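The values are calculated or read from the model by the stated rules, or taken from the named source; none is laboratory data. Here the structure is a predicted model, which means the values were calculated and not measured. Neighbour counts run over all protein chains shown; Cβ positions are idealised from the backbone, glycine included.
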Amino acid sequence: MKSRTYPSFRKRLLIRVGVFVGPALFLFVGIVWLGALVWLRVDAKRFVQLEAEEITSFILGAGDVVEVDNYPWNEPHHLFVEVRVDPLFVQIFDINKQEVFATANIEHFPEGAFTRRMDGALLEKPSPFFVVKTRFLGSSELYFNVFPLKASDDTVLGYIQIARFIPDIHQSVRMLGIGALLSTAVLLLGLLGLIYLNAGRLLMPLQTMARTADSLSADQLDLRIPYLKNADQESVSLALAFNRLLERLEASFEEMTRFNSNASHQLQTPLTVLKGHIDVTLRKERTIDEYKKTLQLASEETESMAGIVRSLMQLSRLESNPSSIPKEPVCLSDLCEEICNRYTSRIGRIESHVDPNIWILSQSDICGQFIGIFLDNAIKYDRGGVVLVQLNREAVGRSSGPPGKTKEAVLVIHDHGTGIEADELKFVRERFFRGRSAQDQRISGEGLGLALADQIATWQGARWEIQSSLKNGTVVTCHFPLLTT
């Protein structure tokens, strides 16, 4: 099957930025262009309007009388028509729209070219979105505006019509548009270039992680993502999380390897013994007692293997789906007394002190297996002394302040056996681990008991600690959350 190819993150980022940012920038340019066009048109109107207001302030005298000669009409822009002086062509009309005054520069136009009548339509307010009204006088294009002369009581006394050469609005807007488009294109290309370069830097941690992941194998689980220089916080967090995952993966793989090795060894030993005895027995005819002896040994070795398998199955069940195992109220006091009595009737040497009516959430058989594991070890490794079993309630302590009101059940099992060496205590919860003293003394066992007890404690919500020395034996302390009634 042909593998699917995916676009790179860089390419996708550039396409997305180009699709969204590019049109947004060009839309902004369009808005600026339109705004400039409107502003230039409004400014053209405003320019002549300011001139009209200035003329009005001069010619409108006291008593609302129009006195045209009061304005200094000898200014260059009223005398000449050269573009460099930006001439203004002013006409003043009376209330009947008859011309009463015109600036001298109007006379420079050919006779009849410049209209001497007022354009009443120009009194309407033009929209800034449309070109101002213009007309050609020969080769010159002018735009016109008409403003009313109003008395103090808002009565119209006449009109001022002003013409001006039309400024090159379109050329200005065109140049502005071209400049804005070129600037936007350069800005967009520069932005995409910066994104492309920085995307590579941002993606380096991910590429490092990908290379590390590709290099992983069963023989190279010790690989870790190196220190990420100049990386962002998210990339560092992801790298640290990935390294922690690799650490857990390596630990799990090592545990699985160790488990397979130990399980193979533990199951191979009884199978080898069993096969050896059967082979020896079958070499020649045996007496009934000899056959019985072989069958008895086969039964013992088979039971040993069955115990290993049962423990492994229980461990697997507690690890894979502990919530599927229901819990129920269990009287820990009665259960502890029952187990102690059972061991006492068989071997003695047990001294118990159990507070009554202590209840927890568990299952009788599973909790009994939990207690039995510690008690069985205490008796098995004890050197002929008395095993002390004590169960009571204790308040949960606090680091400061008054003692806590919450209580828990505490089970203590103390033996005076061979003990466990200090450097081995950290391994006692691992499967198939057996201390040197147990191996030296050839004490039977598979090394699964404490590992199973640890899983049961987790399922019950309990915890346990172990203290041991070669002189004073071993003390196991178990803490159970009490069932409140």
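Scanning for something surrounded by 11 or more Cβ atoms within 10 Å (Cβ to Cβ), touching a His at 6+ places or on another chain (Cβ under 9 Å) and at pLDDT 75 or above, does the stretch 298-316 turn up at least one residue?
yes
Does residue 26 satisfy the condition of being touching a residue at least 60 places away in the same chain (Cβ under 8 Å), in the same structural domain as residue 103 (by TED's automatic domain parsing) and not in a helix (DSSP H, G or I)?
No: the conditions fail for residue 26.
Residue by residue, here is whether (1) of a type in the set (D, E, K, R); (2) assigned to a loop (DSSP other than H, G, I, E, B); (3) touching a Phe, Trp or Tyr at 6+ places or on another chain (Cβ under 9 Å); (4) modelled with pLDDT under 85 holds:
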{"position": "360", "(1), (2), (3), (4)": "no, no, yes, no"}
{"position": "371", "(1), (2), (3), (4)": "no, no, no, no"}
{"position": "384", "(1), (2), (3), (4)": "no, yes, no, yes"}
{"position": "392", "(1), (2), (3), (4)": "no, no, no, no"}
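Looking only at the stretch 345-354, count how many residues are at pLDDT 80 or above and either in contact with a Lys or Arg (Cβ under 6 Å, 6 or more places away or on another chain) or in a helix (DSSP H, G or I) (or both).
0
Within the group 88, 122, 50, which residue is free of Cβ contacts under 8 Å to residues at least 24 places away in the same chain and closer than 14 Å to residue 162 by Cα?
Of the residues listed, the single one that is free of Cβ contacts under 8 Å to residues at least 24 places away in the same chain and closer than 14 Å to residue 162 by Cα is 50.
Would you be able to say whether some residue in the stretch 37-50 is farther than 29 Å from residue 150 by Cβ, modelled with pLDDT under 85, surrounded by 17 or more Cβ atoms within 10 Å (Cβ to Cβ) and within 60 Å of the chain's Cα centre (by Cα)?
Yes, that holds for at least one residue.
Determine if the stretch 331-343 includes at least one residue that is closer than 20 Å to residue 475 by Cβ, modelled with pLDDT under 85 and surrounded by 14 or more Cβ atoms within 10 Å (Cβ to Cβ).
Taking every residue of the stretch 331-343 in turn, at least one turns out to be closer than 20 Å to residue 475 by Cβ, modelled with pLDDT under 85 and surrounded by 14 or more Cβ atoms within 10 Å (Cβ to Cβ).
Determine whether residue 208 is at pLDDT 70 or above and in contact with a Phe, Trp or Tyr (Cβ under 8 Å, 6 or more places away or on another chain).
Judged against the criteria, residue 208 is not a match.
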